[in-house]
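**Student:** Following this message is one structure expressed as structure tokens.
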Amino acid sequence: IAKGPDGNMWFTDQESKPAIGQITSGGKITKSRLKAGSRPYYIAAGAHGVMWFTDGGRHPAIGRIAG
């Protein structure tokens, strides 16, 4: 879990439907689903409102999602 430049908290979800999610200060949770076979691990804030994450799933990668 990491605080994003937008002030929201961002997290990775490795459950049956892998996703990157965010929790707003008001408590609203939204998720962006990833491809089947993904296993998102670490997430960190980057420059220009972008969140970076690692994916150690079937096709290991580094991904980014705009905040």
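The values are calculated or read from the model by the stated rules, or taken from the named source; none is laboratory data. Worth saying up front: this structure is predicted, and the values here are computed from it rather than measured. Cβ atoms come from the backbone with ideal geometry, glycine included; neighbour counts cover every protein chain shown. Calculation scope for accessible area: heavy atoms of the full protein, side chains included, ligands and nucleic acids excluded. Shrake-Rupley method; radii C 1.70, N 1.55, O 1.52, S 1.80 Å.
**Student:** Any residue in segment 51-67 that's charged (D, E, K, R): show its pairings with residues that are part of a strand (DSSP E or B) at Cβ separation under 6 Å, as long as the two are six or more apart or on different chains.
**Tutor:** Matching pairs, first to second residue: D55/P40; D55/A61; D55/G63; R64/V50; R64/W52.
**Student:** Continuing with the same structure: Hey, could you check segment 19-40 for residues that are of a type in the set (S, T, N, Q) and in a strand (DSSP E or B) and say which is nearest to M9 (Cα to Cα)?
**Tutor:** Looking at the filtered set, the residue picked out is Q22.
**Student:** Limited to segment 9-67, what total is found for residues that are open to solvent by less than 70 Å² (accessible area, probe 1.4 Å) and of a type in the set (D, E, K, R)?
**Tutor:** 2
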